[in-house]
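Engineer: I'd like to ask you about the structure that follows.
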Amino acid sequence: MSPRKPAKVPGNIQIQPVESGRITRSRKNKALVLPELPPSSLNDQSTDPKSIEGHPPAWAECRPELCDALPWFRAVQGGVYHSGNLCLGFLVDADCGIRSYIDDEIVITRVGGGCTKGADGNLVLVKDQDNDNSAISSLTNSMSLKIPVGMIIGSRNTLLGRKLPHRYNVMAYFRVTHIWYERIGKKAGAKVRFEKLDLSSKSWWAARSLPSPVPIQERRFDIQPENFQCGACHQWSVQIYNEGWMCLHSPCKRFWTIHESTPPPDLTFHVNFLRARLPPDLEVQPHYSLVPDLLSTLNEEDGDVISKRIAWKGIVCPRCSKCIARRFWQGWKCAEGIPFSPGKSSGCGFEKSLRIRPISLRSVIKDLEISPIKRALNFDPKFMVPEIDDRSLYPYRKLVYKIPGVGNITHLVSSQSINTRTNGPDDLFKQLQLVDLGLQRYPLQQSVVVGTLTAHFAVNYGMPYKYVVSVESKGFDEACSEILQALGRLTWATKQAVIDTGDPFLPPNELLLLGYFEDMKIGYHDDGESSLGPTVATLSLGAKSTMLVRMKYTYYHGFSKAKKPLSDDPVLLGCDQYDQRKALKSQFTDGSLNEAAYSDLRLGILKKSRSREAPPCIKMELNHGDLLIMHGENLQKYYEHSVVPENNLRFALTARYIKPEHVDSKEIQKGQFNLSADQVYDGK
Ligand SMILES: O=C(O)CCC(=O)C(=O)O
């Protein structure tokens, strides 16, 4: 029962005008030609596409750069960014959904989530949305707590009907005025209406030909859409469409009906819903800067701040407003976009280099004095336990993890006597910080979000090598002495690890240096390119890190993620459903199963198992000065590894043998080098 006597409306629906807090639509307003917005911005969005008023206060050509520079929009996917259950940023791009609208001061759009891409590339709502959805609840909180939301418009948005200058353009602060539900296809989907916070100035995205907005003091803040109470669920809903009022609460039986009938497909916005503006409210204050100024708060004299997480966030270029990621070890450069996008705005050339002061080992290694004793003494039985040899390569402790038929991993655990020797790991750690090595972050080739950069800096010396990214190589003749000293150590380490296996020793001719700041890492990958020799050796310097090794998904399950069976399943020890798969393979090999039956039975096993990544089988703690050698082509074919440093500065120098027949003849000389006597390493 309605708490108030409902007004009778045609049909048997009962609606009631709001009695308190309602701003009634006056008769006068109905016929009024309002000065606030020109007619072109009401349902008709045709304007001169080329001519917008100004420039966005910040912009980006790719999503990772946008999100890296704007703390209020860290969402690399989806349109809503929320934190602490408050919506802080919102992106309107290609698909705002049915019945959406944008003009110089208003944005009406769907709220993402619960969608999948349809055949036409547009998003289709496949799940009912409700207030439990975190994006919707964060918008609701920002509305009720009066938190302005930063708005971004993407160039794929066609609603505005104007040519936007960049792929992503920061608009302004907006406030959330309404959140409601509509029937979208067969589902209930949330919609939101935003209103620009600052109504006193003309929006930069407004058509240049249009006049400036009406001054605040002359605005009509009394024009508001009408609210009615539903006779069935007693909830209030605003009238959004000309065609009639609807209950906009999705659980209600009268939800999305006009007089108990389905609304017509082509609904048009009610003039008051578009023209309504909230009066200025001192309580609505932005809690963050729309255009952050990271550089002004970064004190380079402040200890190790330059390798901290905040120092490898993006900035908004103070000269041209482009969002720029920290791509260079030395600092930020406002240069070409990521990935390189010819014809796109490429930045103004602004550079900010940080004054790099070497960070002491003491500040990155907590237990500098006692750590050699603690190192690798206790092995977690959840993981493979290595063979331990404290003698043959003394003062190194040698740990060997053997994977039969696959390969082995030799971990040479360093000690204080090794680390403190002249030109040893302590000196190398310090010296590598003093030279400009040309370290950069590169765009990942296989990334869900185009333009995502590696979470580490890299530089390659010697023969060209493509790992998770393609890095240009510098010749060893350009390398500083520290690089060659490391190469000397890695050549020695490679030899020690290979000798025992009886395989030929191929001296490294390439060295990849990775640099890690706080919270950087290298995710699971393999070093298994066809151009590579079977041995990969790494020297760790600085912060302690954890290296994990796991079987690749395809070999762990015998199927790819797309459920394609492995043509020749090696059934590795430790793979999923090992016993059953081994038995089936023997039946197939001895001819008692044909190929089709073998495939079907394997698929049956797969369907019963959980489709998760393999758990790591080897876990190693890599400390300052340690050497790690992976040997065996199959190790890279069947297994993958990741390394996560614990603290804010680490270098990993990895040397490999690149098969010269795979290298362009012009590049071959890059891999040639001669080590001086003090660069050759003797294992002490
Ligand atoms: O940082 C490390 O220790 C590992 C580096 C690595 O996996 C690689 O260079 O492929």
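The values are calculated or read from the model by the stated rules, or taken from the named source; none is laboratory data. What you see is a predicted model; the values in this text were computed from it and never measured. Ideal geometry is used to build each Cβ from the backbone, glycine not excepted, and the neighbour counts take in all protein chains shown. Protein only, heavy atoms only, side chains kept; ligands, DNA and RNA dropped before computing areas. Shrake-Rupley method; radii C 1.70, N 1.55, O 1.52, S 1.80 Å.
Engineer: I'd like the residue in segment 445-491 that is without any contact (Cβ under 8 Å) to a residue 24 or more places away in the chain and polar (S, T, N, Q) and, out of all such residues, is least open to solvent (accessible area, probe 1.4 Å).
Structural biologist: 447
Engineer: Can we say residue 610 is touching a Lys or Arg at 6+ places or on another chain (Cβ under 9 Å), farther than 30 Å from residue 496 by Cβ and among the charged types (D, E, K, R)?
Structural biologist: Criteria not met by residue 610.
Engineer: Sticking with this structure for a sec: Could you please give the count of residues in segment 518-554 that are surrounded by 23 or more Cβ atoms within 10 Å (Cβ to Cβ) and in contact with a helix residue (DSSP H, G or I) (Cβ under 7 Å, 6 or more places away or on another chain)?
Structural biologist: Qualifying residue count, segment 518-554: 7.
Engineer: Might you check whether a residue that is within 21 Å of residue 64 (Cβ to Cβ) and among the hydroxyl-bearing types (Ser, Thr, Tyr) occurs anywhere in segment 426-444?
Structural biologist: Among the residues of segment 426-444, at least one is within 21 Å of residue 64 (Cβ to Cβ) and among the hydroxyl-bearing types (Ser, Thr, Tyr), which makes the answer yes.
Engineer: For the structure I just gave you, tell me whether residue 571 is within 13 Å of the ligand (Cβ to nearest atom), hydrophobic (A, V, I, L, M, F, W, C) and outside any helix (DSSP H, G or I).
Structural biologist: Criteria not met by residue 571.
Engineer: Select the strands (runs of 3 or more DSSP E) contained entirely in segment 362-467, then report the ones holding at least 3 residues which are within 20 Å of residue 486 (Cα to Cα).
Structural biologist: Passing ranges, in order: 407-413, 457-462.
Engineer: Which one of 603, 635, 675 is of a type outside the set (Phe, Trp, Tyr), in the same structural domain as residue 537 (by TED's automatic domain parsing) and not in a loop (DSSP other than H, G, I, E, B)?
Structural biologist: Values: 603 fails: in the same structural domain as residue 537 (by TED's automatic domain parsing); 675 fails: not in a loop (DSSP other than H, G, I, E, B).
Exactly one of 603, 635, 675 is of a type outside the set (Phe, Trp, Tyr), in the same structural domain as residue 537 (by TED's automatic domain parsing) and not in a loop (DSSP other than H, G, I, E, B), namely 635.
Engineer: Now, a different point. Looking at 601, 532 in this structure, which one is modelled with pLDDT under 95 and away from the ligand (no atom under 13 Å from the Cβ)?
Structural biologist: 601
Engineer: Taking segment 490-504 as the region of interest, how many residues are of a type outside the set (Val, Ile, Thr) and in contact with a Ser or Thr (Cβ under 7 Å, 6 or more places away or on another chain)?
Structural biologist: 1
Engineer: For segment 406-422, check the following and say yes or no: at least one residue is surrounded by fewer than 17 Cβ atoms within 10 Å (Cβ to Cβ), among the small types (Gly, Ala, Ser), at pLDDT 95 or above and in contact with a helix residue (DSSP H, G or I) (Cβ under 9 Å, 6 or more places away or on another chain).
Structural biologist: Taking every residue of segment 406-422 in turn, none turns out to be surrounded by fewer than 17 Cβ atoms within 10 Å (Cβ to Cβ), among the small types (Gly, Ala, Ser), at pLDDT 95 or above and in contact with a helix residue (DSSP H, G or I) (Cβ under 9 Å, 6 or more places away or on another chain).
Engineer: Related question: Would you check if residue 627 is farther than 18 Å from residue 464 by Cα, within 15 Å of the ligand (Cβ to nearest atom) and over 27 Å from the mean Cα position of the chain (by Cα)? Before the answer, list the steps.
Structural biologist: Numbers: farther than 18 Å from residue 464 by Cα: yes; within 15 Å of the ligand (Cβ to nearest atom): yes; over 27 Å from the mean Cα position of the chain (by Cα): yes.
In short, yes.
Engineer: May I pose another question? Quick check on segment 611-622: of everything there that is open to solvent by 10 Å² or more (accessible area, probe 1.4 Å) and at pLDDT 95 or above, which residue is nearest to residue 565 (Cα to Cα)? Before you say what the answer is, go through the steps one by one.
Structural biologist: Taking segment 611-622 first, the residues open to solvent by 10 Å² or more (accessible area, probe 1.4 Å) are 611-613, 615-617, 619, 621.
From the residues that got through so far, the ones that are at pLDDT 95 or above too are 613, 615-617, 619.
Numbers: 613: 16, 615: 20, 616: 22, 617: 23, 619: 29 Å.
Selected residue: 613.
Engineer: Please state which of the following conditions residue 642 fails to meet, knowing it meets all the rest: (1) within 24 Å of residue 522 (Cα to Cα); (2) out of contact with any Gly (no Cβ under 7 Å at 6 or more places or on another chain); (3) small (Gly, Ala, Ser).
Structural biologist: For residue 642, the failing item is (2).
Engineer: Here's another thing I want to ask about it. Quick check: is even one residue across segment 193-201 in the same structural domain as residue 86 (by TED's automatic domain parsing), on the phi < 0 side of the Ramachandran plot, of a type in the set (S, T, N, Q) and surrounded by fewer than 21 Cβ atoms within 10 Å (Cβ to Cβ)?
Structural biologist: First, pick out the residues of segment 193-201 that are in the same structural domain as residue 86 (by TED's automatic domain parsing): 193-201.
Still in the list and also on the phi < 0 side of the Ramachandran plot: 193-201.
Filter once more, so that each one left must be of a type in the set (S, T, N, Q): 200-201.
From the residues that got through so far, the ones that are surrounded by fewer than 21 Cβ atoms within 10 Å (Cβ to Cβ) too are 200-201.
Yes, some residue in segment 193-201 is in the same structural domain as residue 86 (by TED's automatic domain parsing), on the phi < 0 side of the Ramachandran plot, of a type in the set (S, T, N, Q) and surrounded by fewer than 21 Cβ atoms within 10 Å (Cβ to Cβ).
Engineer: Could you check segment 494-529 and list, in sequence order, the residues that are β-branched (Val, Ile, Thr), closer than 29 Å to residue 614 by Cβ and either without any contact (Cβ under 8 Å) to a residue 24 or more places away in the chain or within 10 Å of the ligand (Cβ to nearest atom) (or both)?
Structural biologist: Within segment 494-529, just 522 meets the criteria.
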